[in-house]
Amino acid sequence: MSKGNGNSAAAFVRLDNLSKSIGIQKILCGVTLEIRQGETMVLIGASGGGKSVVLKHITGLMRPDNGRVLIKGQDIAMLSKRKLATVRQSIGLLFQNGALFDSMSVGQNVAFPLRESREGAPDKLTEKVTAALELVDLAEHINKMPIDLSGGMRKRVALARAMITRPELILYDEPTAGLDPIATGAINKLILQMQEHYGVTSVVVTHDMKSAETIADRIAFLHEGMVYFCGTPAELRDCKDPVVINFVSGHSGVPS
Ligand SMILES: Nc1ncnc2c1ncn2[C@@H]1O[C@H](COP(=O)(O)OP(=O)(O)OP(=O)(O)O)[C@@H](O)[C@H]1O
Ligand SMILES: [Mg+2]
């Protein structure tokens, strides 16, 4: 079953029949999905099902065997290196493991994408880093090392780093995994703020159905390498398909 993949009016990202094998393993078997400008699309699905692989395709870190990734109507496989770099610059990526550089301070970590793009004039750099850290309520921790932070703080630093280039699109891979409900709520609030204040388009991978319901405009369920369901949180709740019900009840603490 597949529904609600949207009409093509203002698609920011369009995944068109993506397939990908790694070695002998078929990971994606025709993923088609449209993410509209300004919407928050939550991606759910079993562990090992290919959610992170989908995000890697959107950033161009992985190339599909078949199918296309279109960002703002442009097939990213057709772009020159320079144009792809510009598109990548407009994408913020929050890796699944936070992936801070342990040898760099909080401030240096957050500044990294700007240094990479040689965008930040040194005087503006501190200003931008401080502003990004204020957004995640960590400005006073700018000189700490990642090892001296809690797990939730590390996630927020990674979030500040993903946001510092003011991306149009942010990809969040499990932004709340392992966090307590309060830290989870804080991250969800930030994701919503990025959408409301800056019009950011987001794709959020999560296993947490409560977070999914809080932040999603639409939820896509990846199953057996395809988008099995795509719809609003209310449509997901009302869905009678046993595969969907089985997955959702298994991830929401509600007995099936
Ligand atoms: N670079 C890689 N080399 C080999 N196999 C890979 C690579 N990246 C992903 N895979 C495989 O692709 C499959 C899908 O992985 P992926 O990380 O996308 O799953 P996921 O849905 O994000 O799972 P989780 O919820 O546990 O994070 C897995 O079987 C994984 O081992
Ligand atoms: Mg993953």
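The values are calculated or read from the model by the stated rules, or taken from the named source; none is laboratory data. These figures come from a predicted structure and were not determined experimentally. Cβ sites come from the backbone with ideal geometry, for glycine too, and all protein chains shown count toward neighbours.
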Out of the strands (runs of 3 or more DSSP E) lying entirely within segment 1-87, which hold 2 or more residues that are away from ligand 2 (no atom under 16 Å from the Cβ) and at pLDDT 95 or above? 11-22, 25-36, 66-71
Identify the residue in segment 40-91 that is aliphatic (A, V, I, L, M) and within 16 Å of SER21 (Cβ to Cβ) and, among all such residues, is nearest to ligand 1 (Cβ to nearest atom). VAL53
So which pairs qualify, if the first residue must be in segment 205-223 and on the phi > 0 side of the Ramachandran plot, the second must be buried (at least 19 other Cβ atoms within 10 Å of the Cβ) and at pLDDT 95 or above, the Cβ gap must be under 7 Å, and the two must be at least 6 apart or on different chains? none
Within segment 234-251, identify whether any single residue is within 16 Å of ligand 2 (Cβ to nearest atom) and of a type outside the set (Phe, Trp, Tyr), and answer yes or no. yes
For ALA212, work out the one condition from (1) in contact with a Gly (Cβ under 8 Å, 6 or more places away or on another chain); (2) at pLDDT 95 or above; (3) of a type in the set (Gly, Ala, Ser) it doesn't fulfil. (1)
Check segment 107-120 and report whether any residue there is more than 22 Å from TYR198 (Cβ to Cβ), of a type outside the set (Gly, Ala, Ser) and more than 23 Å from the chain's Cα centre (by Cα). yes
Being of a type in the set (A, V, I, L, M) and touching a Pro at 6+ places or on another chain (Cβ under 6 Å) is the filter here; which residues of segment 71-93 pass it? ILE91
Quick check, is PRO175 within 16 Å of ligand 1 (Cβ to nearest atom), touching a helix residue (DSSP H, G or I) at 6+ places or on another chain (Cβ under 9 Å) and more than 22 Å from VAL87 (Cα to Cα)? yes
When PHE12 is evaluated against the numbered criteria (1) more than 20 Å from the chain's Cα centre (by Cα); (2) surrounded by 15 or more Cβ atoms within 10 Å (Cβ to Cβ); (3) farther than 22 Å from HIS223 by Cα; (4) not hydroxyl-bearing (Ser, Thr, Tyr), which criterion, by number, is the only one it fails? (1)
Can you say whether GLY151 is modelled with pLDDT under 90, within 16 Å of ligand 2 (Cβ to nearest atom), surrounded by fewer than 21 Cβ atoms within 10 Å (Cβ to Cβ) and over 13 Å from the mean Cα position of the chain (by Cα), as far as the supplied structure shows? no
Going residue by residue through segment 136-143, is there one that turns out to be crowded, with 16+ Cβ neighbours inside 10 Å, within 16 Å of ligand 1 (Cβ to nearest atom) and assigned to a loop (DSSP other than H, G, I, E, B)? no
